[in-house]
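Chemist: Have a look at the structure that comes next, please.
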Amino acid sequence: MMEEEELEFVEELEAVLQLTPEVQLAIEQVFPSQDPLDQADFNAVEYINTLFPTEQSLANIDDVVNKIRLKIRRLDDNIRTVVRGQTNVGQDGRQALEEAQKAIQQLFGKIKDIKDKAEKSEQMVKEITRDIKQLDHAKRHLTTSITTLNHLHMLAGGVDSLEAMTRRRQYGEVANLLQGVMNVLEHFHKYMGIPQIRQLSERVKAAQTELGQQILADFEEAFPSQGTKRPGGPSNVLRDACLVANILDPRIKQEIIKKFIKQHLSEYLVLFQENQDVAWLDKIDRRYAWVKRQLVDYEEKYGRMFPREWYMTERISVEFCHVTRPELSKIMRARAKEIEVKLLLFAIQRTTNFEGFLAKRFSGCTLTDGTLKKLESPPPSTNPFLEEETTAEMEELALEKAELEQPKKPKAPDNPFHGIVSKCFEPHLYVYIESQDKNLSELIDRFVADFKAQGPPKPNTDEGGAVLPSCADLFVYYKKCMVQCSQLSTGEPMIALTTIFQKYLREYAWKILSGNLPKTSSSSGGLTISSLLKEKEGSEVARFTLEELCLICSILSTAEYCLATTQQLEEKLKEKVDVSLTERINLTGEMDTFSTVISSSIQLLVQDLDAACDPALIAMSKMPWQNVEHVGDQSPYVTSVILHIKQNVPIIRDNLASTRKYFTQFCIKFANSFIPKFITHLFKCKPISMVGAEQLLLDTHSLKMVLLDLPSIGSQVVRKAPASYTKIVVKGMTRAEMILKVVMAPHEPLVVFVDNYIKLLSDCNIETFQKILDMKGLKRSEQSSMLELFRQRLPAPPSGTESSSTLSLMAPTPEQESSRIRKLEKLIKKRL
């Protein structure tokens with residue numbers, strides 16, 4: 001019982017002494033110790049094993065026990081001292097607290113005494129300074145009264161002087177005096193309830209009204225609306241009157257400017273009336289020459305009369321533009337049938353030049369009055385699409401393309417006067433669009449005629465396939481039209497021009513590219529009577545000549561160039577057109593058309609090489625493989641296939657050097673076409689002896705090596721074939737090798753043969769297994785038992801996939817499809 005109680009006590013003690021990691025870490029930082037007894041993870045067993053590692057060390061156990069007992073006694077003494085030292089702590093703390101409370105009470109008493117004395121001092125100071133404050137208020141009021149009386153005296157005298165000077169038209173003195181009077185009057189706004197002040201304010205307003213009417217009358221007299229100008233010209237009186245008008249109501253200034261400009265342009269309206277010969281577009285230069293002379297005349301005669309901040313020359317020019325624009329619109333509507341492209345472009349060119357002249361001379365600050373708010377912001381004048389696409393500039397285009405993926409704010413126009421007159425030509429730009437339609441139609445016809453006259457491009461084996469020169473000519477013309485139209489308008493005419501571009505991009509793709517691709521009897525992908533007759537007669541299928549191969553490669557390179565350039569053209573059109581119309585510019589259909597031309601060109605190249613290899617594959621299938629007695633070098637049909645590949649592929653590769661990715665596509669498509677066809681003809685080689693299968697396996701390996709080397713065959717620079725192409729070749733030709741290995745395997749025992757077939761080919765199609773049995777030359781009776789065993793040995797499909805497996809068995813394989821086509825060919829041959 002005592003032992004159990006001691007154990008419970010130890011467990012409770014350990015539970016109490018179990019400290020958290022944070023507390024343990026704090027203790028270690030305050031009392032660092034290397035003694036194992038002080039460690040948190042102290043283990044008594046390990047500690048004893050450390051003290052007595054061997055049995056021999058137990059000899060000094062008494063010494064160790066004595067040391068531990070001594071340490072225990074020291075710890076007990078330390079604990080006892082600490083506990084006794086804590087007995088008086090509570091009493092000392094209470095005594096210190098009482099002393100602190102007494103000190104605080106004394107401090108509160110002193111603070112209260114100081115506060116009372118401060119209040120008494122403040123009251124004493126207020127009594128002393130009360131009289132001084134009264135004197136300060138009296139001084140401030142007296143100063144305000146004197147100042148107000150002085151202002152009143154100045155106002156009264158100024159009003160009297162203003163009225164007198166107004167009657168004598170002394171505008172120079174009035175300008176200075178009026179501004180001072182108005183400044184003084186501002187001090188009396190809070191005194192308007194006083195009758196005398198209100199009366200002075202009304203006299204100032206009356207004087208301002210009289211001044212305005214008087215100045216307008218003076219200008220009307222100097223520059224009458226009807227009749228000629230005053231012989232004496234501008235005077236100093238009018239110059240001073242303008243200074244006064246600056247101070248008066250802004251409507252006075254606007255009225256003066258309006259009447260002066262109207263009188264200044266009255267001659268223009270008479271000279272260039274609609275019925276005058278000089279009013280037509282062919283003499284539009286005279287309009288701008290007239291206004292330029294008027295600006296020079298104004299500077300000489302009236303430049304010093306109007307203040308510089310009135311910007312009179314710019315206002316005259318802007319008003320001239322506002323008058324000219326509706327006049328030109330009216331006369332063009334009346335004589336719309338007489339507008340020709342050259343005449344329209346001439347007028348637009350001269351007008352835009354004039355707008356540029358205004359932008360160089362004036363800042364456009366007068367346009368902020370709302371005169372151009374209805375005009376749309378023109379696009380930037382720069383056009384990087386016209387620059388030559390060098391390597392450095394291609395990098396810049398890439399940066400621009402990355403910037404186009406981010407949202408842009410519309411740029412501010414470089415020319416604030418852009419469109420102020422030339423906007424009137426926009427409704428008539430259909431003439432320009434129709435002209436470009438006609439020009440592009442003639443250009444396409446010329447391209448067609450030139451191609452027929454010059455013939456296909458010459459073979460090029462050094463620098464890659466040549467791009468047709470007509471392609472560059474077409475896009476250069478497109479760029480010229482785009483820049484020209486963007487200078488005329490950035491609205492609907494640009495959309496109409498884009499539609500024209502789309503039309504002739506399609507025509508170029510159809511007439512120049514697709515229309516000049518060489519035709520083959522099998523290009524349509526179907527059977528023709530002529531092809532069957534040729535095959536029946538034993539003649540080879542017609543192949544492309546060297547010139548035709550180069551032509552196909554050239555058309556492919558041209559289509560690739562057109563595809564890339566059309567994409568750039570779309571981006572530049574979106575930059576030139578208004579932001580609200582960018583979504584209506586879409587050349588995706590045209591880019592798809594060029595992609596179709598590229599696919600057709602690649603397909604023609606594949607069909608040509610494929611057709612060249614067909615006789616060799618047919619010869620392979622007709623060879624007596626059961627009579628082969630020994631394995632030799634590669635068969636003649638393999639040599640024939642390699643010969644055709646070595647003839648065609650280097651030509652195609654050299655002519656597609658600039659479009660390497662499409663040459664890779666050609667290789668992949670040829671491999672996807674040739675390998676299934678080779679396997680189909682391989683199944684026709686029956687029966688096959690063991691030696692014959694070995695020879696076919698050697699031939700298959702030779703073809704596999706040639707196909708793997710196809711991208712760089714005949715090239716001095718050996719490049720590694722693309723991984724995608726290598727994967728297709730390895731997968732397809734490995735299947736052919738596995739077929740031959742299954743044929744070479746003995747068919748007995750049957751179970752081993754069937755399992756070997758399933759392991760090597762992983763093909764659960766019964767027809768494929770049937771074809772391999774035919775290749776081995778087995779009889780039908782032997783085949784039936786093997787087919788039954790094959791059905792039994794097929795791996796069971798996973799649950800829930802019965803429908804999919806049924807559909808897969810119903811779907812024809814490439815071999816089945818090929819056999820059906822061959823049966824159809826034989827049927828047609830028999831009927832022929």
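Chemist: Fully extended, how many nm does the chain gain between R506 and L58 (0.36 nm per residue separation, minus their Cα-Cα distance)? Display every interim value, and only then the final one.
Modeler: On the way: separation 448, 0.36 × 448 = 161.28 nm, distance 10.55 nm.
The span from R506 to L58 would gain 150.7 nm if fully extended.
Chemist: Now for a different question. Run the numbers for A334 and K646: contour at 0.36 nm per residue of separation, minus the present Cα-Cα distance, in nm. Mind dumping the intermediate values first?
Modeler: Working: separation 312, 0.36 × 312 = 112.32 nm, distance 7.17 nm.
Full-extension gain reported as 105.1 nm.
Chemist: If I stretch the segment between Q484 and E767 completely, what's the gain in nm (0.36 nm per residue apart, minus their alpha carbon distance), one decimal?
Modeler: 95.1 nm
Chemist: Still on this structure, please answer the following. Any idea of the accessible area per residue across segment 549-663, 1.4 Å probe, to the nearest Å²?
Modeler: Accessible area per residue, segment 549-663: 38 Å².
Chemist: Here is a follow-up. First measure r as the distance between the Cβ atoms of R286 and R140, then evaluate 1/(1 + (r/R0)^6) with R0 = 60 Å and state the FRET efficiency to the nearest 0.05.
Modeler: 0.25
Chemist: Hey, another quick one. Going through the cross-link list K686/K741; K262/K360; K731/K771, which pairs have a Cα-Cα distance over 22 Å in this structure?
Modeler: Cα-Cα > 22 Å for K262/K360; rest within.
Chemist: Moving to a separate point now. Of all the accessible heavy-atom surface of segment 189-331, with the other protein chains kept in place and a 1.4 Å probe, what percent is carbon and sulfur?
Modeler: Summing carbon and sulfur atoms, their accessible area is 50 percent of the total for segment 189-331.
Chemist: Tell me the carbon and sulfur percent of the accessible area for segment 63-103, rounded to whole percent, probe radius 1.4 Å.
Modeler: On segment 63-103, the fraction of accessible area on carbon and sulfur atoms equals 54 percent.
Chemist: Using the Karplus curve 6.51 cos²θ - 1.76 cosθ + 1.60 with θ = phi - 60°, work out ³J(HN,Hα) for each residue of segment 186-201 in order, rounded to whole Hz, and write x for Gly and Pro.
Modeler: 4, 6, 9, 4, 7, 10, 5, x, 7, x, 5, 5, 5, 5, 5, 5
Chemist: Ok, one more. Of the peptides 328-338, 599-609, 689-699, how do they stack up when ordered by the mean number of other Cβ atoms within 10 Å, highest first?
Modeler: Going from most to least packed, we get 599-609, 689-699, 328-338.
Chemist: Which residues does a label at N246 reach in segment 200-219, if reach means a backbone N under 12 Å from a point 7 Å past the Cα toward the Cβ?
Modeler: Once the point is set 7 Å along Cα→Cβ of N246, nothing inside segment 200-219 turns out to lie under 12 Å by backbone N.
Chemist: At a Förster radius of 30 Å, what calculated FRET efficiency corresponds to the Cβ-Cβ distance of N275 and Q213, to the nearest 0.05? Let's see the in-between values first.
Modeler: Numbers: r = 39 Å, r/R0 = 1.30.
Result of the calculation: an efficiency of 0.15.
Chemist: May I ask which residue of T87, F108, Q123 lies farthest towards the positive end of the charge dipole of segment 84-128, with charges of +1 (Lys, Arg) and -1 (Asp, Glu) on Cβ and the Cα centre as origin?
Modeler: About the Cα centre, the residue reaching furthest to the positive side is T87.
Chemist: Another question, if that's okay. Once label points are set 7 Å from the Cα along Cα→Cβ at both E571 and K438, what is their separation, rounded to one decimal in nm?
Modeler: The answer from the label model is 3.6 nm.
The values are calculated or read from the model by the stated rules, or taken from the named source; none is laboratory data. Please read these numbers as outputs of a predicted model, since none were measured by experiment. Don't worry about glycine lacking a Cβ; one is built from the backbone with ideal geometry, like all the others, and counts go over all protein chains shown. We work out accessible area using only protein heavy atoms, side chains counted, and drop any ligands, DNA or RNA first. Shrake-Rupley method; radii C 1.70, N 1.55, O 1.52, S 1.80 Å.
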